[in-house]
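Written below as structure tokens is the structure these notes are about.
The values are calculated or read from the model by the stated rules, or taken from the named source; none is laboratory data. Not measured: the values here are computed from a predicted model. Here the Cβ positions follow ideal geometry from the backbone for every residue, glycine too, while neighbour counts run over all protein chains shown. For the accessible areas, the whole protein counts, side chains as well, though only heavy atoms, and no ligand, DNA or RNA atoms are used. Shrake-Rupley method; radii C 1.70, N 1.55, O 1.52, S 1.80 Å.
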Amino acid sequence: MLDQLLLGFMTIMEPMNFLAVFLGVLGGMIIGSLPGLTAPMGCALLIPFTYTMQPVPAITMLVSLYCGAMFGGSIAAILVHAPGTPAAAATTFDGYPLAQKGQAGKALGMACISSALGGLFSVVVLILLAPVLADLAIKFGPPEYFALAIFGLSMISSLGSKSVVKNLLGGTIGVFIACIGMDSISGFSRYDFGITHLMDGVSFIPVMIGLFAAAEVFRQAEKGVRKIVIDRKISGLLPTWEEIKSVKTTLIRSSLIGTFIGILPAEGGTVASFIGYNEAKRFSKEPEKFGTGALEGVAAAECANNSATGGAMVPTMALGIPGSGTTAVILGALLVHGMRPGPLLFIQHTDVVYAVFIGMFFANLMFLGLGLGGAKVFSQILRVPTYVLSPIILVLCVVGTYALHNNMADVWIMLICGLVGYKMKEYGFAAAPIVLGLVLGELIEISLRRSLIVFDNNAFIFFTRPWALTFIVLTVLGLCSPAIRSWVERRGEKNKKQQAADSQE
Amino acid sequence: MKKLLFSVCMAVLALGFAVQSGVAADDKYPSKQINWYIHSSAGGGTDIFSRTAALRLRRILKVPIVISTMSGGSGARMLNHMMEQPADGYTIVSLTNSNLATMARGRTTAQREDIIGIARGCYDPQSLVIKADGKHKDIQGILAAAKEKPGSIKIGVAHMASIDHVASYALGKAAGVEFEFVPFDGGGEIIVALLGDVIDMGVLNPSEFMGQYEAGKVKPAVFLVADRLEGFPDTPTAKELGYDVEMATWRGVGVKAGTPPEVVKILRDAFQESMSHKIYQNYLADNSMGPESVLTGEEWDAFLDQKWPIWKETMDELGYVEK
Amino acid sequence: MNNKDLRMSIVMMIIFIILFALSFTFKSSDVVKSHTTASFFPQVVLVVAMFLNAIMMYQSVKNGPDKAKEEGDRDAFWRVVLSMVAAIAFGLGVAYLGTLASISLFIIGIMLIWGVRKKSTIALNAVITPILIYLIFNKILLVQLPAGILM
């Protein structure tokens, strides 16, 4: 295997292949940073050009674009509160407050470093364990997905505003929005009110762009032009070595979470980053800092979503089963070049496979370089006065949302969500639970109802399958953890008092 | 100075709009951009088919061809849009099983007679696939088990009211058995479920299961075609078993009815030429489809005519027609 | 009634009840009977939502009316409202007038609403942004932008 990797390395070092990695990453970063433009779209645009290319540069370019886009999403998320890709939604929670404090450079640097480390970790896992881990994807049936989705949804209680009830209600509303449109189990339409646009449902990218980016523009409108004090001294400072070292456990945790979630065909970077973020908060010594500009939050989210890239490649390459829209296109490209992804791919096309893996490795290093070098440049965007930048952001939101499906209905949904997102903050509702509910809603419904069909309406199935039970237990523990923690603390104090009392005697 | 800058900017702006709106159309077809709409999302099977077919088409017709997704109601929005456009051949729409289903369900203003077929580019036979080392050895075994205990055979289909659903329903009806349909989002998910013993059988195309087939993990139990496939000499066909069921995933394009015959002819010839090219033929071969996939002209229209009543009847039978 | 949360939860409760009632109108297949129907999951979700909403209602009643009514900045309020109107007009413009022209008009509109008085800044922004958008989206990314009567 070592010599195959070495051979792959040599292949990637050829100028054309190296150029493919570079162009892929650069293109990915641009597409990723523009809200509404997503990695699958970028890959689909590239496909015709890859027909005439050699297999290695063709596939490497697509994979690099995937990696680049995943990181690129964080740029707009941090600078202007507009998640460029859905997976960057969790990055806004701490990235944007950091940028507001004039620490955009730090946030971007941290996003870049943790993205790259997460990505590199997942590529190593992909190289070493792809065939073994592919079995994991098969073990995950509908009950497991339901349990995982419930676990993901349980995070809404702690995400967002202070009121637990409002967070839960927001999440439930998100899940409800996911019900709009065609019910994929029965094939009948729900809540479409006769509007053709709603038959396919409300896709969550317009909702997310509206709630995060457009709402922020309206919030800026409050300030107007006169009251803006130029306090935005942008320190282009990158994170220090100490700061990186302080988040190392978070990075390891997020890498594992991201890779694991990435391997599961029905899930991807978005859920990975939310879970990564929430777990970092749960294990943190200072959870109250999350949401106000904690570097650790940026690291957790970005590391998790980029490590999902390598994870998603596992079932794509080893099973021929794409885990996400982007990997579906990559799978198509593999077919075009006469390689059939599946258990035999690693035996039949060893040379190309390892070259692509090494290419993916380099793609992560490449955006590390481009990102760190560019962090200072990107953060200069904040020097542009808000009254110039904000209208441009809204324009990008509209154009990007339209480009998503060439559909004005998406634009209207985005704008409505922008208005709602602005107004609901007054009522103590946060955007994050709604978005998370919307992301997970469909998975929850489908996996639940699919389980009921497959297992003949036996609801105990969620407690008898090991993986499903694991996630159910984790959910219960997660929901109870604040209570358990305070109980342990009280006991600890009691013990201390007891000891103190004992020693006095 | 500032005033000057301002007026220069405004002049540029005015000029830009004037140039953009002043494009005149020529008489000869094609003389301007052709808009090609597809109903599914970017990166999907129909998207890749369209982009591949359009590669040579651009050179042949010498006009820009822009492929845009217009998703919404499984093609309903795209077909409604087509109905609003003039029948001049500058609006091409993708045509697949799901579009026929949408029309049959009455979810769009368009009906079969509103569309002229231009060309078909993909023909991927449907098959029922089982696990290679699973409980059931062949299709007879499955049908016997389903007969013995109705609803005990779980069959994975990509969405309800889809080609997968209709195909397996038709086979079950012909054989006099009832399957339990388990809807999934696509072929990949069906294979995972099959390998993970969640379902007994899945409806898949060769292009979807080839990887796992070559690795000896799954095998097709029956193909819903008339003659045995070259690559699968050992797999029986539905016709052999005595069931007259012929179902496949196919993809093609069409234009609005009323388009002048000479325009239709230009398009049909252009598609024929484009899809005969090596690039397109390679794409077909790589996706386990034969060159017979390409079908243009009257034959393709006849093919649609043959499929349309089947969809209409089955959708009505399954209760999917919206009244 | 000076209680935001209570007002909100009453409105939401009414919406939830209407949506719940609507779920009984969903169609179901005559052939596939063994499956849960389309209305199953929305009903579950709506019941949960109504339950949570009831808790919120209870809490808001218990907490009583809002303390001091915040005296909002009237100018800020109108800026936000006008910006929203501009955004909706922009959406209409994109659909019917054409993307690039609407972008220019929207940017000019928003900057005037926000109180920018430097004509050169407004003009530069209104010219450069549509050009960049056109180049990036139409030329590089080959995305079709809606073209109305203007461009």
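Worth pointing out:
- DSSP bridge analysis restricted to the protein assembly as shown gives an antiparallel fraction near 60%, rounded to the nearest 5.
- Remark: the stretch A:447-460, residue by residue, has Karplus-estimated 3J(HN,Hα) of 5, 5, 6, 5, 4, 5, 5, 5, 9, 6, 6, 9, 6, 6 Hz, where x stands for each Gly or Pro and the curve is 6.51 cos²θ - 1.76 cosθ + 1.60 at θ = phi - 60°.
- B:ALA132 versus B:SER31: modelled label distance in nm, points set 7 Å from Cα along the beta carbon direction: 6.0 nm
- Antiparallel DSSP beta bridges within chain B, percent to nearest 5: 60 percent
- At R0 = 22 Å, FRET efficiency that the Cβ-Cβ distance of A:PHE460 and C:VAL48 yields, to 0.05: 0.55
- Relative contact order (percent, whole number), the stretch C:88-151, Cα cutoff 8 Å, 6+ residue spacing: 50 percent
- Between B:VAL218 and B:ALA132, B:TYR213, the built amide H atoms are under 5 Å apart, and every one of these is 5 or more places off in sequence or on another chain.
- All alpha carbon pair distances within the stretch A:2-464 were sorted into 10 Å bins beginning at 0; the resulting P(r) in whole percents reads 5, 21, 32, 27, 12, 3, 0.
- From helices alone, the protein assembly as shown scores -20500 deg cm²/dmol at 222 nm; the rule is -39500 (n - 2.57) for each run of n ≥ 4 DSSP H residues, then divide by the residue total.
- Label-to-label distance for B:LYS147 and A:ASP351 is 5.4 nm, based on points extended 7 Å past Cα in the beta-carbon direction.
- Gained length - B:THR109 relative to B:LYS62, 0.36 nm times residue gap less alpha-carbon distance: 13.7 nm
- Global geometry of the stretch C:4-63, whether rounded, prolate or oblate, following the gyration tensor of its Cα atoms and the 1.5 cut on a/c: prolate
- Qualifying chymotrypsin sites (Phe, Trp or Tyr not before Pro) for the stretch A:125-231 [loop in DSSP, other Cβ within 10 Å: at most 13]: A:PHE193
- Calculated FRET efficiency, B:VAL321 to A:GLN498, Cβ-Cβ distance, R0 = 60 Å: about 0.20 to the nearest 0.05.
- DSSP beta bridges in the stretch B:131-278 [antiparallel fraction, %, rounded to 5]: 10 percent
- Spin-label proximity, B:ASP227 to the stretch B:275-312 - amide N less than 12 Å from point 7 Å beyond Cα toward beta carbon: B:292
- Cross-link partners of B:LYS149 among aspartates and glutamates, defined as those whose alpha carbon lies under 12 angstrom from its own and excluding same-chain residues fewer than eight positions apart: B:GLU178, B:GLU180.
- The base-10 log of I(q)/I(0) for the stretch C:88-151, evaluated at q = 0.25 Å⁻¹, reads -1.03 [Debye formula, identical scatterers on Cα atoms, solvent excluded].
- Among A:VAL388, C:ALA86, B:ASN99 the positive-end extreme of the charge dipole of the protein assembly as shown (Cβ point charges): A:VAL388
- Residue among C:PHE90, C:PHE51, C:PHE26 with the largest mean-square fluctuation in a Gaussian network model of chain C, springs linking Cα atoms under 10 Å: C:PHE26
- The relative contact order of the stretch B:127-223, computed from alpha carbon pairs under 8 Å that lie at least 6 residues apart in sequence, is 45 percent.
- Accessible area in square angstrom per residue, the protein assembly as shown, 1.4 angstrom probe: 40 Å²
- Using C-alpha pairs below 8 Å separated by at least 6 residues, the relative contact order for chain A is 28 percent.
- Anchor C:LYS27: lysines whose Cα lies under 24 Å away (excluding residues fewer than 8 positions away in-chain): B:LYS154, B:LYS173, B:LYS312, B:LYS323
- Converting the Cα gyration tensor eigenvalues of chain C into ellipsoid dimensions via √(5λ) gives semi-axes, longest first, of 43, 31, 11 Å.
- Cross-link reach is defined here as a Cα-Cα straight distance under 19 Å, omitting same-chain residues fewer than 8 places apart; for B:LYS28 the aspartates and glutamates meeting it are B:ASP88, B:GLU262, B:ASP269.
- Rounded to whole Hz, the Karplus (6.51, -1.76, 1.60) HN-Hα couplings of the stretch C:109-121, x for glycine and proline: x, 4, 5, 5, 4, 6, x, 6, 10, 7, 4, 5, 4
- Among the listed pairs A:LYS223/C:LYS4; A:LYS162/A:LYS425; A:LYS101/A:LYS248; B:LYS265/C:LYS139; A:LYS101/C:LYS119; A:LYS162/A:LYS245, those with a Cα-Cα distance over 19 Å are A:LYS223/C:LYS4; A:LYS101/A:LYS248; B:LYS265/C:LYS139; A:LYS101/C:LYS119; A:LYS162/A:LYS245.
- Pair A:SER481, A:GLU243: separation of 7 Å Cα→Cβ label points (nm): 2.5 nm
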